[in-house]
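Below: the structure, in structure tokens.
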Amino acid sequence: MDLPSSGRALAILIAVCAVLWVWWMLPQFWPQLHTGGFDELFTWLQVALPLGNGVVLWWVTRPMWQSPRLSKQEELKRGFVLLLSVLFHLASLVLVAGVIMLFSGAGVGGSGGVE
């Protein structure tokens with residue numbers, strides 16, 4: 001049986017976060033690429049965050065959750081990576097909910113944006 005590696009799982013989590021961050025910051029690095037405004041960002045979030053969540057769920061959270069109990073040191077590593085992956089899932093859920101609220105007009109003041 002091949003045991004899941006905490007290091008490999010952490011590397012995948014960091015890679016997904018890095019790709020999402022670079023893609024998010026791309027319009028700020030090159031302003032000429034930013035033509036669609038927030039609607040473009042919202043469309044991108046509808047695709048990128050679920051894909052990122054799927055990758056993290058399949059290759060990080062699931063193996064760390066299902067791994068057998070090991071030595072205390074290995075268990076601490078596994079628990080840390082599992083905690084980081086769950087925090088990633090929660091943060092992306094909050095981000096998507098915030099963007100949906102922003103575009104649905106349910107923001108602060110109810111006028112479609114934050115006042």
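The values are calculated or read from the model by the stated rules, or taken from the named source; none is laboratory data. Source: prediction; values computed, not measured. All Cβ positions, even for glycine, are placed from backbone atoms using ideal geometry, and neighbour counts span all protein chains on display. Keep in mind that these areas ignore ligands, DNA and RNA; they rest on the heavy atoms of the full protein, side chains included. Shrake-Rupley method; radii C 1.70, N 1.55, O 1.52, S 1.80 Å.
Taking region 67-103, which residues are modelled with pLDDT under 85 and open to solvent by 90 Å² or more (accessible area, probe 1.4 Å)?
Matches in region 67-103: ARG69, MET101.
For region 37-57, check the following and say yes or no: at least one residue is at pLDDT 75 or above and among the aromatic types (Phe, Trp, Tyr).
No, there is no match, as no residue in region 37-57 is at pLDDT 75 or above and among the aromatic types (Phe, Trp, Tyr).
Here are the criteria: (1) surrounded by 14 or more Cβ atoms within 10 Å (Cβ to Cβ); (2) at pLDDT 85 or above; (3) touching a helix residue (DSSP H, G or I) at 6+ places or on another chain (Cβ under 7 Å). Tell me which single one ARG62 does not satisfy.
Of (1) surrounded by 14 or more Cβ atoms within 10 Å (Cβ to Cβ); (2) at pLDDT 85 or above; (3) touching a helix residue (DSSP H, G or I) at 6+ places or on another chain (Cβ under 7 Å), only one is false for ARG62: (3).
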